[in-house]
Amino acid sequence: MKIQAQRGTEDVLPNQVEIWQYLESSYSKVARKFGYSEIRTPVFEDVNLFTRTSGEFSDIVSKEMYDFKDKGDRHIALKPEGTAPVMRATIEHNLAPLGNHTRLYYITPCYRYGRPQKGRLRELHQLGAELIGSSSAEADCEILEFAYAFLKEISLDGHPIMINSIGRSECRLKYSEVILNHLESYLKDVEDGVRLRIQKNPLGVLDTKDEVLQRAIEGVPSILNFLEDESKQRFDTLQELLVEAGIPFVVSPEIVRGLDYYTETVFEFVHPLLPGISAFAGGRYDNLIKQLGGSPTPSVGFGMGMERLILALEANGRKSSLSSPQVFVVCASQSARSECRKLIRNLRSEGIISGYDLDNRSLKSQMRQADSSGAEFALIIGEDEIANKTVTVRNLKSGSQELVSRTKVVDSLVNPNESSCEENGL
């Protein structure tokens, strides 16, 4: 039986890895500029970490989470999102002492069971960041500046971030009643499980992808009409700070996020090249650390889907490429193999991508390998080159060829205009 990758997972092949590495290195570079330190958390956690934080009746927990009993009869879950594990680690290792600001970022796989489709895999990868210890609107602005700076770094900027405020407990309680009253006739005709899920998490329906439910919630008033005075003032301040920072945004009252732990500021970013697919999202979660048994600690952060960012980059014209040797070393005689190995070790130690034949094939076969490798130059050593301590450097695109002193061959490749090569006439 032929074994294949599981549905909803993808192999990242050699010709695709470059764009992944580009995203990861670009993200880490921007994170460090903003003063964020990397954290890495386990792939699996106690299931209670997610039922207590995301909400037992959220779609992530009730429909999408991979959970199971291990051989020790422990109830385990593969992490469906990155924030809760970071907060668990923050409490466990005392990473955020009261009065301090802690900045953390991560690059991690996550797992959600659902119907695979464009930009939605069962094994997905997240870039995320958490700013822990500040309740100010300036912290919200910083996390959005960080996210937008990364978009700019990878040339996906220039489009607005959708922002909203869902207030605090009093606001959400009132608004939940408004939603349930609006959906009263709809709830009479649905299954008991669906009704219970909506009653437990009314705000979650605003984030639904169900077209029937989307029609049912049409006409629900904006949550912004129910904000506490303090939350309203805070949201106004955030907008002023974003204008000051030059971050484009639009106020979108329908943005609520699907997890129970959010408070006040929430946001999403949908790139116009990927309509309907959120490239990143996040918000404030001031009660999350307290929910997990820590001291009350305000926090804000975001998560970005790497697969979705890659789709946007590819739609924007960026292509993955398989790294090709910059040079291919060719042994023109059996006696030259030792010298060829010395040369290739020297080239690699200088950071020059190099390839050569491992199977002692003919000169003609080696030249074919050099052409097919994608290398720019073939470096040829034979009897004459050994005697004269030179290397024949052939440009594989133009066919031009020149002799270079063995001691200057690296310089000739790094600084081709400054090399002192003798034309060989071929």
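Values as computed for the structure displayed
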| item | result |
| --- | --- |
| Residue count, the stretch 181-234 (criterion: among the charged types (D, E, K, R), part of a helix (DSSP H, G or I) and closer than 24 Å to Ser62 by Cβ) | 9 |
| Residue among Leu98, Leu151, Leu144, Leu131 that is in contact (Cβ under 8 Å) with a residue 40 or more places away in the chain, surrounded by fewer than 20 Cβ atoms within 10 Å (Cβ to Cβ) and under 24 Å from Thr237 (Cβ atoms) | Leu98 |
| Strands (runs of 3 or more DSSP E) contained in the stretch 346-418 and holding at least 2 residues more than 42 Å from the chain's Cα centre (by Cα) and either charged (D, E, K, R) or under 17 Å from Ser335 (Cα atoms) (or both) | 377-381, 390-395 |
| Candidates Ser349, Ser398, Ser412, Ser362 - the one that is out of contact with any Leu (no Cβ under 9 Å at 6 or more places or on another chain) and over 20 Å from Ser324 (Cα atoms) | Ser362 |
| The stretch 301-343, residues that are modelled with pLDDT of 90 or more, within 18 Å of the chain's Cα centre (by Cα) and among the aliphatic types (A, V, I, L, M) | Met304, Met306, Leu309, Ile310, Leu311, Ala312, Leu313 |
| Residue tally, condition out of contact with any Leu (no Cβ under 8 Å at 6 or more places or on another chain) and either among the basic types (Lys, Arg) or more than 16 Å from Arg112 (Cα to Cα) (or both), over the stretch 49-78 | 8 |
| Residue satisfying all of: in the stretch 163-177; open to solvent by less than 40 Å² (accessible area, probe 1.4 Å) and part of a helix (DSSP H, G or I); nearest to Cys141 (Cα to Cα) among these | Cys171 |
| Matching entry among Ser323, Ser335 (being in a helix (DSSP H, G or I) and of a type in the set (Gly, Ala, Ser)) | Ser335 |
| Some residue of the stretch 296-307 being without any contact (Cβ under 8 Å) to a residue 60 or more places away in the chain, out of contact with any Gly (no Cβ under 8 Å at 6 or more places or on another chain) and at positive phi | no |
| Candidates Leu358, Leu347, Leu343 - the one that is hydrophobic (A, V, I, L, M, F, W, C) and open to solvent by 60 Å² or more (accessible area, probe 1.4 Å) | Leu358 |
| Residues of the stretch 253-301 that turn out to be among the hydroxyl-bearing types (Ser, Thr, Tyr) and closer than 24 Å to Arg197 by Cα, as a count | 6 |
| Among (1) more than 15 Å from Leu151 (Cβ to Cβ); (2) more than 21 Å from the chain's Cα centre (by Cα) - the single one Leu242 does not satisfy | (1) |
| The stretch 58-77, subset open to solvent by less than 40 Å² (accessible area, probe 1.4 Å) and under 28 Å from Val205 (Cβ atoms), residue modelled with the highest pLDDT | Ala77 |
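Results for (1) surrounded by 17 or more Cβ atoms within 10 Å (Cβ to Cβ); (2) out of contact with any helix residue (DSSP H, G or I) (no Cβ under 7 Å at 6 or more places or on another chain); (3) of a type in the set (A, V, I, L, M); (4) more than 14 Å from Ala137 (Cβ to Cβ), shown as yes or no for each residue.
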{"residue": "Phe235", "(1), (2), (3), (4)": "yes, yes, no, no"}
{"residue": "Leu238", "(1), (2), (3), (4)": "yes, no, yes, no"}
{"residue": "Ala245", "(1), (2), (3), (4)": "no, no, yes, no"}
{"residue": "Pro248", "(1), (2), (3), (4)": "no, yes, no, yes"}
{"residue": "Ile255", "(1), (2), (3), (4)": "yes, yes, yes, yes"}
{"residue": "His271", "(1), (2), (3), (4)": "yes, no, no, yes"}
{"residue": "Pro275", "(1), (2), (3), (4)": "no, yes, no, yes"}
{"residue": "Arg284", "(1), (2), (3), (4)": "yes, no, no, no"}
{"residue": "Gln291", "(1), (2), (3), (4)": "no, no, no, yes"}
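The values are calculated or read from the model by the stated rules, or taken from the named source; none is laboratory data. What you see is a predicted model; the values in this text were computed from it and never measured. No Cβ is skipped: glycine too gets one built from the backbone with ideal geometry, and neighbour counts run over all protein chains shown. What goes into the accessible areas is simple: the full protein's heavy atoms, side chains included, and nothing from ligands, DNA or RNA. Shrake-Rupley method; radii C 1.70, N 1.55, O 1.52, S 1.80 Å.
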